[in-house]
1. Residues being open to solvent by less than 40 Å² (accessible area, probe 1.4 Å), in a helix (DSSP H, G or I) and either out of contact with any strand residue (DSSP E or B) (no Cβ under 8 Å at 6 or more places or on another chain) or free of Cβ contacts under 8 Å to residues at least 24 places away in the same chain (or both): count how many of those fall in segment 120-143.
2. Considering segment 218-245 alone, what residues qualify as being more than 11 Å from the chain's Cα centre (by Cα) and among the aliphatic types (A, V, I, L, M)?
3. Output the number of residues of segment 76-105 satisfying the condition of being touching a residue at least 12 places away in the same chain (Cβ under 8 Å) and either polar (S, T, N, Q) or in a loop (DSSP other than H, G, I, E, B) (or both).
4. Report yes if Asp233 is touching a Ser or Thr at 6+ places or on another chain (Cβ under 6 Å) and either in contact (Cβ under 8 Å) with a residue 40 or more places away in the chain or open to solvent by less than 20 Å² (accessible area, probe 1.4 Å) (or both), otherwise no.
5. Considering only residues of segment 158-217 that are without any contact (Cβ under 8 Å) to a residue 60 or more places away in the chain, farther than 19 Å from Arg252 by Cβ and part of a loop (DSSP other than H, G, I, E, B), which is farthest from the chain's Cα centre (by Cα)?
6. Among the listed residues Ala168, Ala149, Ala164, Ala195, identify the single one that is at pLDDT 95 or above and small (Gly, Ala, Ser).
7. Checking Leu42 against (1) in contact (Cβ under 8 Å) with a residue 40 or more places away in the chain; (2) in a helix (DSSP H, G or I), which test does it fail?
8. Just one of Arg2, Arg30 is closer than 19 Å to Val135 by Cβ and either surrounded by 15 or more Cβ atoms within 10 Å (Cβ to Cβ) or modelled with pLDDT under 90 (or both); which is it?
Amino acid sequence: MRRVDLADADCGIAQSLGVLGDWWTFLIVRDIAGGTTRFDALQRELGVSRRALTERLGALVEHGVLERRPYSQHPPRYDYLLTGKGEGLLPVLLALQDWGTRHLMGDGELTATAEAGSAEARRAHDLVGRRLPEVRLPGPDNRPVTPAAAGEWTVLYFFPGAYAPGSAGHPPGWGEIPGAAGCTLESATYADRYANFRAAGAQVRGISTQRPDQLADFVAYARLPFPLLSDQDGRLAAGLLLPTFRAGGVARLKRLTVLVDAAAVVRAVQFPVTDPAGSVDEMLDLVRRHGSA
């Protein structure tokens, strides 16, 4: 069937495929979400021909998925950035990643963790040296902030879900998902060690895909001295290709912690995290070692 036939079909899936075209297009959106926004860098990362890349970028701009923003007049050069329409594809990327990790690279079992030597773990540790994408996430007060504290080292711990008692909480069967339990313990341990992290020169922030109001309730209940940020739209998860799983119809972040320097570059990764409390002391040691280096 020709693409024009798909685009004209009375079906949202077919119409989407009429815009997205082929697998290169998904990889282009993936890399732009991760901060690779210039033509030469995209061509180098993807290994696609310049002609093919030009055609696909042009089509995505034409359909309003990307916008071109000039950064040089002579010669004319552009950054390619996701529009609001393009950011709507990020949950699709996360769903594809989760399906591939679970059913193609895994055994199909639902899990909130990974084996230490797995492809998912290797991908997580390949984050070392990556700069965080330029995104802002809503905090408990719903005001957007950058994940990494400006000009400071930051510990970012990603977690599946933590809820205040009495609120709508974990979906049924949560305790049976390997690696899902332990979010409250992990957050409480970071709160207990927060003064030590500050003395070592680092901020602490937690991130999940929960709504800001849910995080606000938990921050108040647990009396956390640091903010929890909401990546409910998957902007940071898609940009970094973070490990995810689905539970209760919601994409969740697997437990993972990164240490980010003052320039927002990842310097250390903890994944998988099998001991939520013990990992906090391990991260504190990493902060101290990096601070004294």
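The values are calculated or read from the model by the stated rules, or taken from the named source; none is laboratory data. All values derive from a computational prediction rather than experimental measurement. Neighbour counts run over all protein chains shown; Cβ positions are idealised from the backbone, glycine included. Surface accessibility is based on the protein's heavy atoms, side chains included, excluding ligands, DNA and RNA. Shrake-Rupley method; radii C 1.70, N 1.55, O 1.52, S 1.80 Å.
1. So the answer is 2.
2. Val219, Ala220, Ala222, Leu224, Leu228, Leu229 - these are the residues of segment 218-245 that are more than 11 Å from the chain's Cα centre (by Cα) and among the aliphatic types (A, V, I, L, M).
3. The qualifying residues number 5.
4. No, not satisfied.
5. Gly166
6. Ala195
7. Unmet condition: (1).
8. Values: Arg2 fails: closer than 19 Å to Val135 by Cβ.
Of the residues listed, the single one that is closer than 19 Å to Val135 by Cβ and either surrounded by 15 or more Cβ atoms within 10 Å (Cβ to Cβ) or modelled with pLDDT under 90 (or both) is Arg30.
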